[in-house]
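**Student:** Could you have a look at this structure, given as structure tokens, before my questions?
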């Protein structure tokens with residue numbers, strides 16, 4: 001057994017969901033079932049992870065932009081840290097429909113956010129009434145929640161890394177429509193056929209998610 005598989009076991013990456021929640025496409029990645037819980041075959045997971053890392057290493061070596069998506073509470077910190085460490089894009093609060101399929105409109109909203117923040121910082125908003133400034137502040141806060149991780153997005157990313165493809169199905173669908181490769185950490189309840197590089201493993205615990213995101217981050221940074 002490799003050191004990587006040992007580490008995955010330590011992180012609880014082998015824990016799937018109950019057999020009743022299993023997606024048919026996940027069956028071939030199941031080692032067995034214990035106490036009605038599917039146990040994931042980490043030998044296959046290791047291969048999937050290495051394939052995804054090889055792909056990311058190539059993108060990272062060429063300076064290609066990528067986008068991390070992890071909205072569930074267990075994923076937010078790892079995803080945000082990875083995006084910060086690699087100077088790449090992230091969505092950690094809510095996937096706004098059209099981020100990829102209606103990018104021109106999203107760019108306009110991001111441009112408005114940048115302009116409003118600049119106006120606020122320069123005192124330009126002082127000409128408005130207190131009530132108007134309050135409404136503008138709320139608009140800025142809402143847009144920061146949705147777009148703060150996309151401020152530097154000027155073109156389509158070359159890959160999107162998703163935690164929990166089932167939960168983030170809208171993001172995955174947009175990637176498919178735009179022919180953008182998807183690397184997805186997904187548990188046994190997900191259809192692994194929707195990802196270009198599926199990584200079948202526990203996508204519900206902080207320790208497992210953090211391990212895989214860190215591995216992918218290091219691959220992109222060519223560490």
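**Student:** Just give me the residues in the stretch 43-52 being touching a strand residue (DSSP E or B) at 6+ places or on another chain (Cβ under 9 Å) and in contact (Cβ under 8 Å) with a residue 40 or more places away in the chain, in sequence order.
**Tutor:** Hits for the stretch 43-52 are 44, 45, 48, 49, 51, 52.
**Student:** Can you give me the number of residues within the stretch 53-76 that are assigned to a helix (DSSP H, G or I) and either free of Cβ contacts under 8 Å to residues at least 12 places away in the same chain or not assigned by TED's automatic domain parsing to the domain that holds residue 206 (or both)? Before the answer, list the steps.
**Tutor:** Within the stretch 53-76, the subset assigned to a helix (DSSP H, G or I) is 53-61, 76.
Next, only the ones that are either free of Cβ contacts under 8 Å to residues at least 12 places away in the same chain or not assigned by TED's automatic domain parsing to the domain that holds residue 206 (or both) stay: 58.
Residues that pass the stated criteria total 1.
**Student:** Criterion first (part of a strand (DSSP E or B) and surrounded by fewer than 18 Cβ atoms within 10 Å (Cβ to Cβ)) does residue 43 satisfy it?
**Tutor:** no
**Student:** Restricting to the stretch 172-207, count the residues that are farther than 14 Å from residue 55 by Cβ and surrounded by fewer than 23 Cβ atoms within 10 Å (Cβ to Cβ).
**Tutor:** Total meeting the criteria: 15.
**Student:** Continuing with the same structure: Going through the stretch 82-125 one residue at a time, which ones are assigned to a loop (DSSP other than H, G, I, E, B) and over 23 Å from the mean Cα position of the chain (by Cα)?
**Tutor:** Hit for the stretch 82-125 is 123, nothing else.
**Student:** Inside the stretch 102-130, can you point out the residues that are loosely packed, with under 11 Cβ neighbours inside 10 Å and under 20 Å from residue 70 (Cβ atoms)?
**Tutor:** none
**Student:** Mind listing whichever residues of the stretch 9-24 are touching a strand residue (DSSP E or B) at 6+ places or on another chain (Cβ under 9 Å) and not in a loop (DSSP other than H, G, I, E, B)?
**Tutor:** Listed by number, the residues that qualify are 15, 16, 17, 18, 19, 21.
**Student:** Here's a follow-up. Would you mind telling me which numbered condition in (1) in contact with a helix residue (DSSP H, G or I) (Cβ under 7 Å, 6 or more places away or on another chain); (2) more than 24 Å from residue 50 (Cα to Cα); (3) surrounded by fewer than 21 Cβ atoms within 10 Å (Cβ to Cβ); (4) at pLDDT 95 or above residue 133 fails?
**Tutor:** (4)
Residue-by-condition table, conditions (1) surrounded by 15 or more Cβ atoms within 10 Å (Cβ to Cβ); (2) modelled with pLDDT of 95 or more; (3) more than 30 Å from residue 212 (Cα to Cα); (4) out of contact with any strand residue (DSSP E or B) (no Cβ under 9 Å at 6 or more places or on another chain):
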| site | (1), (2), (3), (4) |
| --- | --- |
| 54 | no, yes, no, yes |
| 63 | no, yes, no, yes |
| 69 | yes, yes, no, no |
| 84 | no, yes, no, no |
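**Student:** A further question on this structure: Can you list residue pairs whose Cβ atoms sit under 9 Å apart, with the first residue in the stretch 134-153 being more than 25 Å from residue 85 (Cα to Cα) and the second being not in a helix (DSSP H, G or I)? Count only pairs 6 or more apart in sequence or on different chains.
**Tutor:** Partner pairs satisfying both residue conditions: 135/128; 136/128.
**Student:** On to the next question. Quick one: in the stretch 25-40, of everything that is free of Cβ contacts under 8 Å to residues at least 60 places away in the same chain and outside any strand (DSSP E or B), which residue is surrounded by the fewest Cβ atoms within 10 Å (Cβ to Cβ)?
**Tutor:** In this case the residue turns out to be 35.
**Student:** Moving on. Any idea which of 171, 165 is assigned to a helix (DSSP H, G or I), within 12 Å of the chain's Cα centre (by Cα) and within 25 Å of residue 13 (Cα to Cα)?
**Tutor:** 171
The values are calculated or read from the model by the stated rules, or taken from the named source; none is laboratory data. Just so you know, these numbers come straight off a predicted model, no measurement behind them. In this analysis, Cβ positions are derived from the backbone assuming ideal geometry, glycine residues included, and neighbour counts consider all displayed protein chains.
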